[in-house]
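Peer 1: Please read through the structure below; I'll follow up with questions.
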Amino acid sequence: MGRVTATDRRTVLLATAGLTLAAGCATRSAVAHPAPSSAGSAPPLPTQLTHGPRDRPRVALTFHGAGDPATARALLTEAERRGARLTVLAVGTWLDTHPDLARRILDGGHDLGNHTQNHLDINAMSEAEARQEITGCAERIRRLTGSVGTWFRPSRTPTASPLVTRLAQEAGYPHVLSYDVDSLDYTSPGAAAVARKVLAEIREGSVVSLHFGYADTVAALPVVLEELDRRGLAAVTSTELFS
């Protein structure tokens, strides 16, 4: 049997996912959010962001920061090797256990944000409990990096309640970062299924929800990035997506 190359493995994974390198870009309808304007003429960004501008070839791959640090480093390294930049919404307890990863994320050119301290159902909490979940993680990020980070994503829910939104703003996060593509990688459906789900739904301006800590995600990322490159879609930080 001949030697199997990395390209061969990616081709097989794409085929298993029901995709080919010549596949078109599937889309789904969504309410567009206005893009910010440097001239100040456009409406301001909404408080809760689901996706970026649909008229620019950019997408944001966002990762819930938790799980095995080796998996996190593998994903960061693979993204950087291909010129992609990620957004990591870190859980505070994860940073407590792996404090070096905060600097690793920023040094790689990625965004680092807040995904609450304990990753509990924040919308179901009292005001005092929810505030502590947000500020607890913010304080850890500030201690490790000098800043609370740019983005906040609520835990156990794609969107924040009005109370949680207000508390996040008070903690220094003007916007709640949601997403319009859910990879479902946390269900461990297999790398092919993760790639298929993302590539079937992603389009200009999409924000994709992914997770550190899952082997399926590590295996799917090269396939996703290769296909995004073929489609002319750049994987950028959320800061760049909304700039």
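The values are calculated or read from the model by the stated rules, or taken from the named source; none is laboratory data. Keep in mind it's a predicted model, so treat the numbers as computed, not measured. Methodologically, a virtual Cβ is constructed for each residue, glycine included, from the backbone with ideal geometry; neighbour enumeration extends over all protein chains shown. Please note that ligands, DNA and RNA were not included when accessible areas were found on the heavy atoms of the full protein model with its side chains. Shrake-Rupley method; radii C 1.70, N 1.55, O 1.52, S 1.80 Å.
Peer 1: What Rg and what Dmax come out for the range 132-243 when only alpha-carbon atoms are used, in angstroms?
Peer 2: Both quantities, over Cα of the range 132-243: 15.6, 44 Å.
Peer 1: Then there's this: Could you give the radius of gyration (one decimal) and Dmax (whole number) of the Cα atoms in the range 114-182, in Å?
Peer 2: 11.0, 32
Peer 1: Might you work out the accessible area of ASP121 for me, using a 1.4 Å probe with all protein chains in place, and round it to the nearest 10 Å²?
Peer 2: For ASP121, the solvent-accessible surface is approximately 80 Å².
Peer 1: Let me ask something else. Ignoring ligands and nucleic acids, what accessible area does SER126 show with a 1.4 Å probe (Å², nearest 10)?
Peer 2: Here the residue's solvent-accessible area equals roughly 50 Å².
Peer 1: LEU199 accessible area, nearest 10 Å², 1.4 Å probe?
Peer 2: 0 Å²
Peer 1: Before I look further, what does the range 136-243 give for accessible area per residue, probe 1.4 Å, in whole square angstrom?
Peer 2: 35 Å²
Peer 1: Can you run phi through the Karplus equation (6.51, -1.76, 1.60; θ = phi - 60°) for the range 156-163 and list ³J(HN,Hα) in whole Hz, with x for Gly and Pro?
Peer 2: 6, 6, x, 10, 8, 5, x, 5
Peer 1: As a test of reading the structure, rank TYR179, TYR173, TYR214 by solvent-accessible area (1.4 Å probe, protein chains only), most first.
Peer 2: On the way: TYR179 45, TYR173 0, TYR214 70 Å².
Result of the area sort, largest leading: TYR214, TYR179, TYR173.
Peer 1: Here is a further query. For ARG82 and ARG142, what does the FRET efficiency come to when R0 = 51 Å and r is the distance between their Cβ atoms, rounded to the nearest 0.05? It would help to have the intermediate numbers written out before the result.
Peer 2: Numbers: r = 30 Å, r/R0 = 0.60.
Rounded to the nearest 0.05, the efficiency is 0.95.
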